[in-house]
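Every read-out reported here was derived from the displayed coordinates using simple, explicitly stated rules and does not represent laboratory data. Note that the coordinates shown come from a computational prediction; the quantities given were computed from them, not determined experimentally. Every residue, glycine as well, gets a Cβ built from its backbone with ideal geometry; the counts of neighbours run over all protein chains shown.
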Amino acid sequence: MAMPGAFVIFGATGDLARRMLFPSLYFLDADGLLPAKLRIIGAARSALTDAEFRKQVEGWVRERAGAFFSQPAWESFVTRLTYAAGDSTSPDAYRVLQEKLSGAEGGALFYLSTSPALYIPIVKGLAAAGLTSPPNGVIVEKPIGNSGRTCDEINSAIAEQFPESRTFRIDHYLGKEAVQNLIALRFANALFEPLWNRHAIDHVQITVAETLGVEGRFGYYDEYGATRDMVQNHLLQLLCLIAMEPPSDMRPETMHGEKVKVLRALRPIRDSELIEKTSRGQYTRGVADGKTVPGYSDEEGGKASDTETFVALCAHVDNWRWAGVPFYLRTGKRLPIRHSQIVVEFRDVPHSIFKGAPLMANRLVITLQPAESISLTIMNKTPTLTQGGYELQPLSLNLSLIDAFKGENRVRIAYERLLLEAISGNTTMFVHRDEADAAWLWIDRIIEGWARTGLKPTSYPAGSWGPAGAFALTERNGHSWHE
Ligand code: BG6
C-alpha cells in the first residue's frame with residue numbers, strides 16, 4: 001500500500017483520540033516517522049473551526065507529553081491538522097470531509113474512534129461518498145460487536161468496502177513493546193524452542209491484573225464484562241503468541257495463519273465443565289491502591305448486575321505441541337496490583353537425587369507491565385556446609401528491560417507502533433477477521449453456557465485476588481497462581 005496522504009479520525013474529540021491517537025501522531029511526527037505530506041483531519045460533531053480544534057489538540061498533546069513536549073515539534077505538527085465538522089450519519093458530513101481531503105496526495109486512512117454503533121453507518125457513508133476505493137483503508141478498534149454474530153455483522157459491512165489487506169483491527173496489546181518482544185523472545189532465540197512443548201512445559205499462566213475499577217464506563221462495561229472486554233481480545237492474543245508454531249516469516253498472512261490455528265485448536269468448554277474450568281467474580285467494596293473504593297454496583301452510574309469484573313479460565317490447546325498442558329487465563333479489575341504477566345512453568349525433574357531437599361520447577365516469568373522484565377527461576381545449591389548434604393534454593397536469572405535500555409527513550413504509547421504500521425500498510429500486528437471469529441466462537445460458548453446453567457459471578461472484595469473459585473481452578477490440577 002502506498003503511503004497515505006491523509007489520516008482521518010472519526011470521533012476526534014473523544015477519549016481515545018485525546019489520550020492516545022493525537023499524542024501518538026504527534027510523537028511519530030516529532031520522530032520524523034510520518035510521511036512528509038500527511039494531513040491529519042479530525043472529524044466529529046461539534047462545530048469547531050480549525051483554529052479551535054488545533055487549540056484543543058494542543059492541550060491534549062501537552063498533557064500527555066508532559067516533559068517530552070517540544071514547541072518546535074508541535075509547531076510543525078499543527079500545520080498538518082484540520083477539522084471536519086459533521087454528523088457521521090448524514091451525507092453532509094462526507095461532503096465536508098471530501099473538501100478537506102481534496103488535494104491530498106495519496107490515499108486516506110480512516111480511523112473509526114467512535115461508538116461501534118457508528119461503524120456501519122460510517123463505512124456506508126464513506127462508500128456513498130466514493131471514499132473507499134484503493135488505496136484507502138480503515139482502522140477499527142474493539143469492541144467490534146459483543147458476540148461472534150454482531151462482530152460478523154460489522155466485519156461483513158467493512159468487507160464490502162475494504163479488503164482485509166486495507167482493514168486494520170486494533171488490539172492495543174499487540175502494540176505494546178513487551179508484547180512485541182514476546183515474538184523476539186520466542187523466535188530470535190534458539191534456547192527455548194526445543195523446550196516449548198508438552199514434554200517440558202507443565203502449564204502456562206496469563207494474568208492481566210488491574211487496580212482500576214470501571215472508571216466512569218459503567219454503561220459500556222456492564223454490557224461486556226471482563227470476558228468480552230479483556231479475554232476475547234488481549235488475553236487470547238497473548239495466548240496465541242505463546243502457543244503459536246514458529247511462523248516462516250512475518251508477513252501478515254503467515255502470522256495471522258499461525259494465530260488462527262491456535263484459536264481454532266482451543267478446546268470448547270462444555271456446560272458440565274464450567275464450574276471446574278471457569279470462575280467469575282464481581283468486586284464489592286474494599287481497598288484498592290490504599291483507598292476505600294465502592295463495590296461495582298455502587299460505581300458512578302452503577303446498578304445491581306450479573307456482569308463479571310473478574311474471570312479466570314482453564315484453557316486447553318488441542319494439538320500435538322500442547323496436548324494436556326493447561327493454559328490458565330485470569331484478568332480482573334480492582335485486584336491488589338497492576339501487572340500483566342505470563343508464567344511458563346516447566347516440568348519437575350524426573351527423579352531427584354537430593355533427598356530431603358525440595359525442588360521447585362523451573363519457571364520463566366515474562367512481566368509485560370508495569371515494568372518489563374524476563375526472569376528464569378532455576379534451582380541452586382546454597383553456599384553452606386551441612387552434614388545433611390545439599391541445601392538447595394530457587395534463584396532467578398533476571399533481565400530487566402528497563403535497566404538494559406536505561407535512558408534510551410520514554411515508554412512509547414502502544415498506539416504509536418500500531419498507527420505507524422497502519423500508515424505503512426502492514427497488517428501483521430493487527431487482528432485478522434478469522435482470528436476475531438475464532439476467538440468469539442470459543443468465548444460465546446462460555447458466556448452462553450453461564451447463561452444456560454444460571455452460573456453467576458461470586459463476589460470478591462476490591463483489593464483481593466478474586467473469588468475463591470479462581471484458586472480452586474488451578475489447585476484442582478495441583479497448581480497455584482504465581483503472585
Ligand atoms: C481495554 C479495556 O481494552 O484495556 C479496559 O477496555 C482495560 O477495560 C484496558 O482497562 C487495559 O489496557 P492496559 O493497556 O492499561 O493494560
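For this structure, a couple of remarks:
- Within straight-line cross-link reach of K456, aspartates and glutamates at Cα separation under 13 Å, skipping those fewer than 8 residues along the same chain: D306, E308, E448
- For the chain, the residue among V123, G213, F354 whose Cα projects farthest onto the positive side of the dipole built from Cβ charges is F354.
- Note on K381: lysines with a C-alpha under 30 Å away, same-chain residues under 8 apart excluded, are K355.
- Size descriptor, Kirkwood hydrodynamic radius, that averages inverse alpha-carbon separations across segment 232-364, Å: 18.2
- Along the axis of the charge dipole computed for segment 220-299 (Cβ charges of +1 for Lys and Arg, -1 for Asp and Glu, origin at the Cα centre), the listed residues G257, T227, G281 are led at the positive end by G257.
- Every helix of 4 or more DSSP H residues in the chain counts as -39500 (n - 2.57), and over all residues that averages to -9500 deg cm²/dmol at 222 nm.
- Positive-end extreme of charge dipole, segment 49-114 - chosen from S90, A108, S70 (charges on Cβ): S70
- Reciprocal of mean inverse Cα separation for the chain (Kirkwood radius, Å): 24.3
- Looking at segment 227-326, the trypsin sites (Lys or Arg not before Pro) that sit in a DSSP loop and have at most 12 other Cβ atoms within 10 Å of their own Cβ are R270, K303.
- When all alpha carbon pairs of segment 12-102 are counted in 10 Å bins from zero, the resulting P(r) reads 16, 49, 28, 6, 0 %.
- Euclidean distance of C-alpha centroids, segment 151-222 and segment 423-483, integer Å: 13
- Among the listed pairs K37/K176; K176/K303; K55/K100; K277/K333; K124/K277; K142/K277, those beyond 30 Å (Cα-Cα): K176/K303; K124/K277
- For the chain, the antiparallel share of DSSP beta bridges with both residues in that region comes to about 55%.
- Within segment 187-274, the GluC sites (Glu not before Pro) that combine a DSSP coil assignment with at most 15 other C-beta atoms in a 10 angstrom radius are E215.
- Using Cβ point charges alone (K and R +1, D and E -1), the dipole size of the chain about the Cα centre works out to roughly 360 debye.
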